[in-house]
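J.: Below is the structure I would like to discuss, written out as structure tokens.
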Amino acid sequence: MTILSDADRLSMLTDMVAARTQAGRLWNLQRQGRVGTLAPIDGHEATFVGAVHALDPEVDWFVPQYREALALMRYGPEVLDRYLLYNLGHPAGGFIPEPIRALPCQISLATQIPHAVGLAWGMTLRDDPGVALVSFGDGSSSEGDFYEAGNLAGVLKTPVIFLCVNNQWAISTPSRKQTAADSYAAKATAFGFPGVTVDGTDPEAVHLAVSEARDRARNGGGPTLIEASLYRLGPHTTADDPTLYVPPEDLVAAQDNDPVTKYRELLSSEGLWDDAHHAEVAQSALDLFDASFERACQWPLSPDAVLDHCYAEDTPRMARQRAALLASGGHHG
């Protein structure tokens, strides 16, 4: 288990503040019609940053769903470039640049969970040293992919960590209607491996849980299911209106427990953070974001780009499609 130093804690808060700041910029761009629909990270920063900081980007894989990307900066600035290309609808947003060990975000519910188990199994077969962590929402736990992947992982004892982010809402379905289980972590019992619940607004608690799960997996103990409990502070996506179903008093209570504000106050009380440093971190995050967004907007797009990064080599059918796209210049009709 890794003991967090003050430098580690400062690094986590830096990434949390950066993610929240960049999310605000991205929200504005979406409202201006300059990027597509997206899922805000607000309220989830402590969970994702705490988990990422417990991993080793050199050997461990992070398999995300769709709102984690801004918290993955420990894996390199290329993650931000790729995410912005994705939000611009560019096919390169689904590309995995070497040697980044974080998969692109995706929107298909729970489909990344079997991929993570397969990835972890492959690491075992190749005797690779790392683990795979897959994050998903509570709504994904109702999908067959979750149960099939959990069962396979338990049988094979793959080095995979299941991080279930329970933000209390599966779009507009509350947790009480999502499951009759005592907790999402309790579902691990059916798979034959441990399940634990942590405070998802506390990055240090998440870091500890993931560190212990990582040690267990690397020592041959198999998977762990971690339920990170938090509250979604914004809409499910920019196409959602949470005022139609979220009780206002619940949101007010959750905002009082905002993970970024709470951790900032903690480190400030210990003399490790102040307003000037906060402003510097936020501005640096915006500068990085704006530069990345500018690069994404200038990224070349060929008529056949939609077929890139699908297979190592085009299938015969794809080759015919590519030739047709190039001949038409990408225009149809």
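J.: Of all residues in the range 129-156, which are surrounded by 16 or more Cβ atoms within 10 Å (Cβ to Cβ) and not in a helix (DSSP H, G or I)?
T.: Gly130, Val131, Ala132, Leu133, Val134, Ser135, Phe136, Gly137, Glu143
J.: Which one of these is farther than 28 Å from Pro114 by Cα, among the acidic types (Asp, Glu) and crowded, with 16+ Cβ neighbours inside 10 Å: Asp304, Asp250?
T.: Being farther than 28 Å from Pro114 by Cα, among the acidic types (Asp, Glu) and crowded, with 16+ Cβ neighbours inside 10 Å holds for just one of Asp304, Asp250, which is Asp304.
J.: Those residues that are free of Cβ contacts under 8 Å to residues at least 40 places away in the same chain and either farther than 28 Å from Glu78 by Cα or of a type in the set (Gly, Ala, Ser) (or both), I need them from the range 271-306; list them, please.
T.: Answer for the range 271-306, where residues must be free of Cβ contacts under 8 Å to residues at least 40 places away in the same chain and either farther than 28 Å from Glu78 by Cα or of a type in the set (Gly, Ala, Ser) (or both): Gly271, Asp274, Asp275, Ala276, Ala279, Ala291, Ser302.
Residue by residue, here is whether (1) over 20 Å from Phe136 (Cβ atoms); (2) β-branched (Val, Ile, Thr) holds:
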| residue | (1), (2) |
| --- | --- |
| Val206 | no, yes |
| Asn219 | yes, no |
| Ser229 | no, no |
| Thr237 | no, yes |
| Val252 | yes, yes |
| Asp256 | yes, no |
| Glu280 | yes, no |
| Ser284 | yes, no |
| Val306 | yes, yes |
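J.: Right, here's the next one. Could you check Ser175 against (1) open to solvent by less than 30 Å² (accessible area, probe 1.4 Å); (2) touching a residue at least 40 places away in the same chain (Cβ under 8 Å) and say which number it fails?
T.: The failed condition is (2).
J.: Hey, another quick one. Inspect all residues belonging to the range 234-255 and state whether any of them is of a type in the set (Phe, Trp, Tyr) and in a strand (DSSP E or B).
T.: no
J.: Examine the range 207-229 for a residue that is of a type in the set (D, E, K, R), part of a loop (DSSP other than H, G, I, E, B) and buried (at least 21 other Cβ atoms within 10 Å of the Cβ), and state whether such a residue exists.
T.: No, the range 207-229 contains no residue that is of a type in the set (D, E, K, R), part of a loop (DSSP other than H, G, I, E, B) and buried (at least 21 other Cβ atoms within 10 Å of the Cβ).
J.: Within the group Val306, Val260, which residue is assigned to a helix (DSSP H, G or I) and modelled with pLDDT under 95?
T.: Selected residue: Val306, the only one of Val306, Val260 that is assigned to a helix (DSSP H, G or I) and modelled with pLDDT under 95.
J.: Given the criterion within 24 Å of Pro40 (Cβ to Cβ) and surrounded by fewer than 20 Cβ atoms within 10 Å (Cβ to Cβ), identify the matching residue among Ile113, Ile107.
T.: Testing whether each residue is within 24 Å of Pro40 (Cβ to Cβ) and surrounded by fewer than 20 Cβ atoms within 10 Å (Cβ to Cβ) leaves just Ile107.
J.: Residues being closer than 30 Å to Ser11 by Cβ and in a strand (DSSP E or B): count how many of those fall in the range 170-204.
T.: The total comes to 5.
J.: A follow-up question, please. Starting from the range 95-107, keep only residues that are under 23 Å from His236 (Cα atoms), then list their pairs with residues that are outside any loop (DSSP other than H, G, I, E, B) and open to solvent by 20 Å² or more (accessible area, probe 1.4 Å) whose Cβ atoms are within a distance under 6 Å, requiring at least 6 positions of separation or different chains.
T.: Filtered contacts from the range 95-107: Pro104/Gly94.
The values are calculated or read from the model by the stated rules, or taken from the named source; none is laboratory data. Because the structure is predicted, anything quoted here is derived from the model rather than measured. Glycine also receives a Cβ, built like all others from the backbone with ideal geometry; neighbour counts cover every protein chain displayed. Please note that ligands, DNA and RNA were not included when accessible areas were found on the heavy atoms of the full protein model with its side chains. Shrake-Rupley method; radii C 1.70, N 1.55, O 1.52, S 1.80 Å.
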